[in-house]
Structures are given as structure tokens and as C-alpha cells.
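Novice: Here's a structure for you.
The values are calculated or read from the model by the stated rules, or taken from the named source; none is laboratory data. The shown structure was predicted, so the numbers you read here are calculated from the model rather than taken from an experiment. Don't worry about glycine lacking a Cβ; one is built from the backbone with ideal geometry, like all the others, and counts go over all protein chains shown. Heads up: the accessible areas ignore ligands, DNA and RNA and are worked out on the full protein's heavy atoms, side chains in. Shrake-Rupley method; radii C 1.70, N 1.55, O 1.52, S 1.80 Å.
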Amino acid sequence: MRTLIKLEILRTLRNRRYVFFTVLYPSLMYFFFISAYSNGNVSTGVSAKSYFMVSMATFGAVGAVLTGSAQRISLERKSGWTRQLRLTALPGRAYAVAKISSCAVTTLPSILVVFVLGAFEGVRLDAGQWLGLVAALWVGSFVFAALGVALGYAAEPSAVQPIVMIVYMLMAAFGGTWFPVTGGLKSVARFNPVYLYNQLAGFVHPGTSFDVSAAAGLAGFLAVFVAGAAVLYRRDTKQA
């Protein structure tokens with residue numbers, strides 16, 4: 001399984017589309033948003049530089065695992081690679097774990113690059129906050145890696161990309177990625193894993209502590225997505 005994880009990571013990092021859409025694109029969007037807010041605050045006590053540093057890091061992380069895992073799995077199913085793996089000694093659960101783990105590892109560049117830009121722009125956190133932020137976003141990305149695996153087994157290659165993009169953009173639009181979620185939207189946003197993901201990193205903002213309810217919500221989504229991926233994997237096995 002370690003060999004498969006290593007192979008998946010190398011394949012992803014060599015992909016130019018991955019580098020652009022999950023590393024460079026969120027970085028460019030970060031500069032766009034902080035310029036749009038004229039380096040001011042997006043809400044009371046939260047600077048635009050700090051807020052969008054987090055939201056663009058989560059945007060890149062979600063994009064890295066969703067687009068990477070879903071499309072690759074769908075293509076592997078069509079090409080027969082998944083069927084070949086089933087003929088080896090590699091158990092199905094190991095294949096799923098390898099996919100989720102390798103996808104989660106590839107989120108680190110998208111997170112770290114935006115954080116470096118944030119620090120360069122003047123975001124000041126202590127060492128513990130930086131480490132905690134990286135850890136929170138990395139662990140949270142497993143939720144979307146599991147969703148990507150489920151989508152990869154749910155759709156054919158011709159349909160998986162538009163489905164992923166629609167899901168990705170809708171979750172981002174109503175999850176606090178582009179603007180703070182306020183008012184009545186909050187009651188709906190708590191059912192959005194991207195909103196919970198952004199809330200998970202909110203402890204770095206002044207007067208905000210670690211959101212335990214957001215962590216519990218993400219754990220619930222992780223369980224649902226993993227279960228869904230397992231069901232779809234078994235269905236695909238029967239059809240093969």
C-alpha cells in the first residue's frame with residue numbers, strides 16, 4: 001500500500017493542472033481579494049489578509065483532493081486499472097485508504113504556499129497558531145478526499161469533471177470562501193462541509209476559540225463520505 005500511495009503522490013505533483021489550479025490559482029485569488037478589500041477588514045476584528053489567507057488555503061486544499069481523486073478514479077475504472085488491482089493481493093479497503101491518504105498529502109503545497117504569502121503580506125501568528133492551522137486544515141482535507149473517492153465511483157469520466165466543479169463551487173460559494181457567511185445563511189451553512197472547514201481554522205482570528213462543533217460536524221461528514229465511498233466501491237466491484 002505504501003508503494004501505491006507514493007505512486008499516487010508523484011503522479012499528482014507532476015500534473016501541471018494540479019500545480020496551477022490548486023497552488024497558483026488560490027494564490028492569485030488571495031491577492032485579488034485583499035486588493036478588493038483595500039487591505040481592510042472583512043468583519044469586526046478580522047483583517048482581509050487573515051480571512052482570505054485561510055479561505056484561499058481551504059479553497060486550494062478542497063480543489064486538490066476533489067478534482068484529483070474523483071477524475072483519476074473514474075478514469076482508472078474505465079481503463080481497467082482498478083480491475084487489475086483487484087486481481088492483486090491489495091484489499092479493497094487498502095486501495096481506498098491509499099487514495100484518500102495520497103490525496104490528503106497533496107493538499108499541503110496548496111496550504112503552505114498561501115500561508116507563506118499571508119505571512120509576507122503581514123499576517124502575524126505565533127508558532128503554535130501556524131502549526132495548529134496547518135494541522136487543522138490538513139486533517140480537515142481528509143473529509144473532501146473521501147468525498148472525491150465517492151464521486152469517482154459514482155460518475156463516469158465524461159460526467160465526473162462537471163459534477164465535481166459544480167459541487168466544489170457551490171460549497172465554496174456558500175461556505176465562506178468568497179465572503180463571510182452572516183445572518184440567515186449561517187443556519188444553512190452549517191450543513192456545508194466547506195463552511196465547517198473554514199470555521200475549523202477560525203481560531204486564529206481575534207477573540208475566536210477552536211470550534212469544537214465544526215470539528216464534530218466534519219467528523220460526521222467524513223463518516224458519511226467514507227461509507228458512501230465503500231458502498232459505491234462494492235457496487236463497482238459487482239459490476240466489474
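Novice: For the stretch 101-117, give me each residue that is touching a residue at least 12 places away in the same chain (Cβ under 8 Å) and β-branched (Val, Ile, Thr).
Specialist: Val105, Thr106, Thr107, Ile111, Val113, Val114 - these are the residues of the stretch 101-117 that are touching a residue at least 12 places away in the same chain (Cβ under 8 Å) and β-branched (Val, Ile, Thr).
Novice: Looking at the stretch 113-129, which of its residues are surrounded by 15 or more Cβ atoms within 10 Å (Cβ to Cβ) and assigned to a helix (DSSP H, G or I)?
Specialist: Selection gives Val113, Val114, Phe115, Leu117, Gly118.
Novice: Pull up the stretch 130-175, narrow it to residues that are surrounded by fewer than 18 Cβ atoms within 10 Å (Cβ to Cβ) and among the polar types (S, T, N, Q), then point me to the one that is modelled with the lowest pLDDT.
Specialist: Filtering first and then ranking leaves Ser158.
Novice: How many residues, within the stretch 176-229, are open to solvent by 40 Å² or more (accessible area, probe 1.4 Å) and farther than 30 Å from Phe32 by Cα?
Specialist: Residues flagged as open to solvent by 40 Å² or more (accessible area, probe 1.4 Å) and farther than 30 Å from Phe32 by Cα within the stretch 176-229 amount to 10.
Novice: Is there any pair linking a residue in the stretch 208-233 that is within 18 Å of Leu66 (Cβ to Cβ) and modelled with pLDDT under 90 to one that is surrounded by 14 or more Cβ atoms within 10 Å (Cβ to Cβ) and among the hydroxyl-bearing types (Ser, Thr, Tyr), with Cβ under 7 Å and at least six apart or on different chains, and which?
Specialist: Ala229/Tyr153; Leu232/Tyr153; Tyr233/Tyr153
Novice: Which count do you get for residues in the stretch 118-175 that are of a type in the set (Val, Ile, Thr), free of Cβ contacts under 8 Å to residues at least 12 places away in the same chain and within 18 Å of Pro26 (Cβ to Cβ)?
Specialist: Result for the stretch 118-175: 0.
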